[in-house]
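Report on the following structure.
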Amino acid sequence: MKRVVLELTSGLGNQLIQWATAYELAAALREQGEPCRIELDTRKLWRPSSRGFALARVGLHEHADALISPTVARRAFWSACSSMPARFYTAAHNRIGIKSPNGTLKEVHSGPKAIEALSSGSPGVWLRGYLQDPSFFFERRDEIRTVFNYFWKRVQRETTVDGSRRDHPADYAALHVRRGDFLTHAHIGTCELGYFAAADAHIDPDLDRLIVSDDPDWCRLNLLPELRSGARVVETGGDLGDFEVLQRARQIVISNSTFSWWAAFTGRPDVVVAPTPWLASPDGNVRLPGSLPSLLVSRGGLGLSDQGCN
């Protein structure tokens, strides 16, 4: 039986794309008659700088065959590091690092490289990195969407996420404005006001427009005056509530964020507007928005190209 060990990293949107890559890899192997198990390597998520095991918050940890966690000693070490100045923590992380959970696993950093390694006789792979190339799994979109929504809907039923729907119209468009840590990552950058204004022009004027953001006050002060009337900022109280607003929208404007990309991927919007280029600085390993049918609008609000609609 082949092993696909997926190292999880970063926040919810990134972990979901990482999971989809591993899902595609395992599904492709099984179609070839090769038994395969998916194991989630959560060790990186215990570091003080981590945003936690986000995949578990939408229920997808139950889809994995096994979880790999750090040893008790390593957990205690990371816990101690949380009280250290950042420079000491960084030095400790760089010195210790994270090693392969099994010496027979081949370390790979993309879905195609994993296929190549497993086809060459490797008993398993340690799949690492952000894996932001959705073309690898996009043809299996309907299947992935079905699996994700099965677990996600169960989380919605069992938690207070449904409360985020209060006072929302049944039919609406949503805009996602990602700021937060992107403001300090120059190579990523944030979408400009001009992008959202231009994107808003492609949304059905008869739809209410709900804006969700990690900086709602900034949106009220700076973005609302740039948009047509009928838009409002909503605060759901958390990222899962924001995600639900985005995923349920009939039309959606996404930021250069895997969080809203995943909402569009797993929802059924008839219009998606996405920024181009995705990053402020080009990176050949990041291929978003990828094949997602969308209208591509310049991050600065100039120019438009059509990739089709759902």
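Express the relative contact order of the chain as a whole percentage, based on alpha carbon pairs under 8 Å and six or more residues apart in sequence. Answer for the chain is 18 percent.
Protection proxy ranking for 150-156, 266-272, using the average of other Cβ atoms within 10 Å per residue and placing the highest first: 266-272, 150-156. Look at 1, 84 and count the other Cβ atoms within 10 Å of each Cβ; fewest to most, that gives 1, 84.
Restricting region 6-103 to GluC sites (Glu not before Pro) that sit in a DSSP loop and have at most 12 other Cβ atoms within 10 Å of their own Cβ leaves nothing.
For residue 99, the aspartates and glutamates whose Cα comes closer than 13 Å to its Cα, not counting residues fewer than 8 places off in the same chain, are 7, 41, 107.
Give the order of 141, 178 when sorted by the count of other beta carbons within 10 angstrom, beginning with the fewest.
Ordered by Cβ neighbours within 10 Å, fewest first: 141, 178.
Give me the distance between the Cα centres of region 232-278 and region 215-231, rounded to whole Å. So the separation of the two Cα centres works out to 16 Å.
When the pairs 44/113; 44/106; 2/44; 2/153 are compared against a 25 Å limit on Cα-Cα distance, 2/153 fall above it.
Ranking of 138, 148, 196 by neighbouring Cβ atoms within 10 Å, starting from the fewest: 138, 148, 196.
Residues in region 282-294 carry Karplus couplings, in order, of x, 9, x, 7, 9, 10, 10, x, x, 7, 4, x, 7 Hz; the curve used is 6.51 cos²θ - 1.76 cosθ + 1.60 with θ = phi - 60°, and Gly or Pro positions show x. The mean sequence distance of close C-alpha pairs (under 8 Å, at least 6 residues apart), as a share of the length of region 166-306, puts its relative contact order at 30 percent. Over the chain, dividing the summed -39,500 (n - 2.57) contributions of all DSSP H runs of at least 4 residues by the number of residues returns a 222 nm mean residue ellipticity of -9500 deg cm²/dmol. Charged side chains reduced to their Cβ positions (Lys and Arg at +1, Asp and Glu at -1) give the chain a dipole of some 1160 debye around its Cα centre.
In region 2-135, taking the dipole from charged Cβ atoms about the Cα centre, the farthest positive-side position among 14, 26, 52 is held by 52.
Quick one: angle between helix 141-158 and the longest Cα principal axis of the chain, in degrees between 0 and 90, rounded to 10, please. Its long axis makes an angle of about 80 degrees. Since only 263, 101, 122 are under comparison, the one whose Cα sits farthest along the positive direction of the charge dipole of the chain, derived from C-beta charges on Lys, Arg, Asp and Glu, is 101.
Bear in mind that the values in this text are calculations on the coordinates, not laboratory data. Because the structure is a prediction, the values reported are computed rather than measured. Positions of Cβ are backbone-derived with ideal geometry, glycine not excepted, and every protein chain shown enters the neighbour counts.
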